[in-house]
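The values are calculated or read from the model by the stated rules, or taken from the named source; none is laboratory data. Just so it is clear, the model here is predicted, and its values are computed rather than measured. Methodologically, a virtual Cβ is constructed for each residue, glycine included, from the backbone with ideal geometry; neighbour enumeration extends over all protein chains shown. Just the protein is used for accessible areas: all its heavy atoms, side chains included, with ligands, DNA and RNA removed. Shrake-Rupley method; radii C 1.70, N 1.55, O 1.52, S 1.80 Å.
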Amino acid sequence: MSRPLGITVSRHIMDSQRLHPEATGDLTGLLNELIVAAKTISAEVNMAGLADILGMSGKTNIQGEHVQKLDEFSNNTIKRRMARCGYLCAMTSEEEADIIPVAEGYEGKYTLAFDPLDGSSNIDVNVSIGTIFSIHRRRSPDGGPGEEADLLQPGRDQVAAGYIIYGSSTMLVFTTGDGVHGFTLDPSVGEFYLSHPDIRIPEKSKYFSVNEGNWNYWQEPVRRYLEYLKEEDKATGRPYSARYIGSMVADFHRNLIAGGVFLYPRDGKDSTKTYGKLRLLYEAAPLAMVVEQAGGKAVTDDGRRILDIVPDDLHQRVPVVIGSSKDVDTFLDFTNGKK
């Protein structure tokens with residue numbers, strides 16, 4: 001049975017480039033190289049149970065968390081693929097403490113921040129996991145190695161951001177500032193095809209995603225907001241239903257498609273999480289760009305727009321409330337004392 005011809009991600013990126021006569025093609029090339037790395041990771045994830053690659057590597061990352069074997073493989077795959085692509089001046093990974101230089105002589109005009117395998121604590125139980133990426137234009141002069149300052153830019157200055165989710169199918173979702181589009185991998189031909197054009201997150205939902213096990217450690221406005229969502233009121237579509245996977249990229253993806261609000265507020269049980277758990281550069285900022293381009297919102301638990309936060313550290317953490325715009329607005333009413 002023949003397969004219907006569809007728009008490939010490479011064709012989509014090229015068509016988008018043609019809308020910008022000033023474009024040099026470097027961002028197109030960068031995205032295509034990143035997509036090749038994603039295909040490699042996808043193949044390994046799908047074979048993980050057969051390849052003796054599940055489980056711990058015996059190492060810990062800069063966050064003090066155990067590094068899974070697939071974490072390490074994914075991190076190395078992206079580094080090796082991108083180090084000589086010719087489009088980057090520097091990289092940074094959630095798994096590494098310092099800036100990652102590119103190969104000498106291959107310096108380009110963009111930077112890449114990435115979480116190689118978000119949700120990796122769920123690898124051994126076969127829950128969807130993913131790669132998140134963020135691209136900025138360098139600020140230092142072209143032609144040499146990038147600097148840490150090139151990476152420490154606010155999310156509003158991203159030129160592209162997105163994620164690849166490895167689940168029942170592998171999907172690439174990204175934006176270059178002109179809407180959000182989703183592509184599904186056809187493993188029989190090794191190509192991503194446009195499956196979700198111009199994704200728009202529903203303005204209001206009936207789902208919330210949060211780890212309620214941390215309830216006792218949250219600030220009062222957050223607790224009151226969750227209580228509000230669980231109250232019965234047919235006029236406002238309450239109570240909401242809980243949908244929490246524990247893999248941010250999976251929770252975010254479901255909410256992006258079906259509507260919902262994801263929360264990871266700061267808590268008081270761990271001094272390292274005083275300012276939140278999720279990383280600004282690798283998780284919060286790129287997903288904030290995606291959700292805003294899809295019509296949603298992303299703020300901290302004290303109401304700051306995530307895309308406006310200027311990072312002061314490669315591994316800065318922030319509290320996150322992200323999802324359907326009206327649900328985030330309702331949360332802001334609680335933080336502002338309006339409810």
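Of note:
- Among strands (runs of 3 or more DSSP E) entirely within the range 245-339, having at least 2 residues that are in contact (Cβ under 8 Å) with a residue 60 or more places away in the chain and buried (at least 23 other Cβ atoms within 10 Å of the Cβ) singles out 261-264, 320-323.
- Filtered residue count, the range 24-52, keeping only those that are in a loop (DSSP other than H, G, I, E, B) and either at pLDDT 85 or above or under 17 Å from G179 (Cβ atoms) (or both): 2
- Residue match in the range 135-153 (condition: basic (K, R) and part of a strand (DSSP E or B)): yes
- Pairing each residue of the range 219-243 that is more than 14 Å from S209 (Cα to Cα) with any residue that is in a helix (DSSP H, G or I) and among the hydroxyl-bearing types (S, T, Y), provided the two are 6+ apart or on different chains, yields C-beta distances under 7 Å for P221/T335.
Rundown of residues vs (1) open to solvent by 10 Å² or more (accessible area, probe 1.4 Å); (2) more than 21 Å from S128 (Cα to Cα); (3) touching a Pro at 6+ places or on another chain (Cβ under 7 Å), yes/no style:
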site: R156; (1), (2), (3): yes, yes, no
site: G177; (1), (2), (3): yes, yes, no
site: T184; (1), (2), (3): yes, no, no
site: E191; (1), (2), (3): yes, no, no
site: L194; (1), (2), (3): yes, no, no
site: F208; (1), (2), (3): no, no, no
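- Every test in (1) in a helix (DSSP H, G or I); (2) at pLDDT 95 or above; (3) over 24 Å from E292 (Cβ atoms) is passed by E107 save one, and that test is (1).
- Subset of the range 210-241 [of a type in the set (A, V, I, L, M) and either loosely packed, with under 15 Cβ neighbours inside 10 Å or more than 20 Å from L287 (Cβ to Cβ) (or both)]: L226, L229, A235
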